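Student: Dropping a structure here in C-alpha cells format, bear with me for questions.
The values are calculated or read from the model by the stated rules, or taken from the named source; none is laboratory data. If you're wondering where the values come from, they're calculated on a predicted model, not measured in any experiment. Note that each Cβ is placed from the backbone with ideal geometry, even for glycine, and that neighbours are counted across all protein chains shown. Surface accessibility is based on the protein's heavy atoms, side chains included, excluding ligands, DNA and RNA. Shrake-Rupley method; radii C 1.70, N 1.55, O 1.52, S 1.80 Å.
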Amino acid sequence: MTSKLDSNDHSAGDRAVARSYQLDFWPGIAAYAVVLTAVLLWGDLEGSSPWRFVWAVLPVIPSLWIVRAVLRHAKRVDDYQRLLLLQALGGGFAVAMVASVTVAFLEIAGMSFVGIGWIIYGAGMLGWIATSTVVARR
C-alpha cells in the first residue's frame, strides 16, 4: 500500500452507514422471529379455522420492515457499494426466477412439490449471497 488512501480500514462514514443499517435491519429480524414463533405456537396453521390464513401471513409484516431497511441502506451507501448491492440483488433475483421456472415445468410434467415457495426463496437468497461474494472480490 502506498498511502493511507489504500488502507483496507473502513472510513468513519462507512462505519456510520453500516451502523445505521444494523439499527434498521436487526429490529425487523427480531420482530420476525417473535411473530414467527407466535404463529408456530398458536397459529393452528393445520387446523380448519379461517383465522389460520391471517396467522399464516402475519410474518410478512416484520418482513416489510426488513425490506425497508435494505432500501434505506441502498440510499445511504456510496455509488460503488450501491452497484455491488444491486448486482447481488439482481443475481439473487435471476436465480429465484430460474428456480421458479424450473419448478413450473416440473409441475407441468406431473411432479408435485410441498413447500416449494421456501425452496425458491432459499435459492434466491443463496443466489444473492453467492453473487455478493463474487462481485465483492472483483
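Student: Run the Debye formula on the Cα coordinates of the chain, all scatterers equal and no solvent, and tell me log10 I(q)/I(0) at q = 0.09, 0.14, 0.20, 0.21 1/Å.
Tutor: Each listed q corresponds, in turn, to -0.42, -0.88, -1.27, -1.30.
Student: Quickly rank 89-98, 59-68 as a protection proxy: mean count of other C-beta atoms within 10 Å, highest first.
Tutor: 89-98, 59-68
Student: I want to check the label-to-label distance for Val54 and Ile116. Put each point 7 Å from Cα in the C-beta direction and report it in nm to one decimal.
Tutor: Each label point is offset 7 Å from its Cα along the Cβ direction, giving 3.0 nm.
Student: Right, next: Kindly sort Phe105, Phe25 by accessible area of their heavy atoms, largest first, with the probe set to 1.4 Å.
Tutor: Ranked list, largest accessible area first: Phe105, Phe25.
Student: Okay, next question. Give the accessible surface of segment 13-137 per residue, rounded to a whole number of Å², with probe radius 1.4 Å and ligands, DNA and RNA excluded.
Tutor: Result: 69 Å² of accessible area for each residue.
Student: Tally up the carbon and sulfur contribution to the accessible surface of segment 18-66 as a whole percent, 1.4 Å probe, everything protein left in place.
Tutor: Solvent-exposed carbon and sulfur of segment 18-66 make up 75 percent of the total.
Student: Between segment 68-138 and segment 4-66, what's the alpha-carbon centroid distance in Å?
Tutor: 17 Å
Student: So for each of 41-49, 129-137 I average, over its residues, the number of other beta carbons within 10 Å; can you give me the resulting order with the highest mean first?
Tutor: Ranking the peptides 41-49, 129-137 by packing returns 129-137, 41-49.
Student: For the chain, what's the relative contact order in percent, using C-alpha pairs closer than 8 Å and at least 6 residues apart?
Tutor: Value for the chain: 23 percent.
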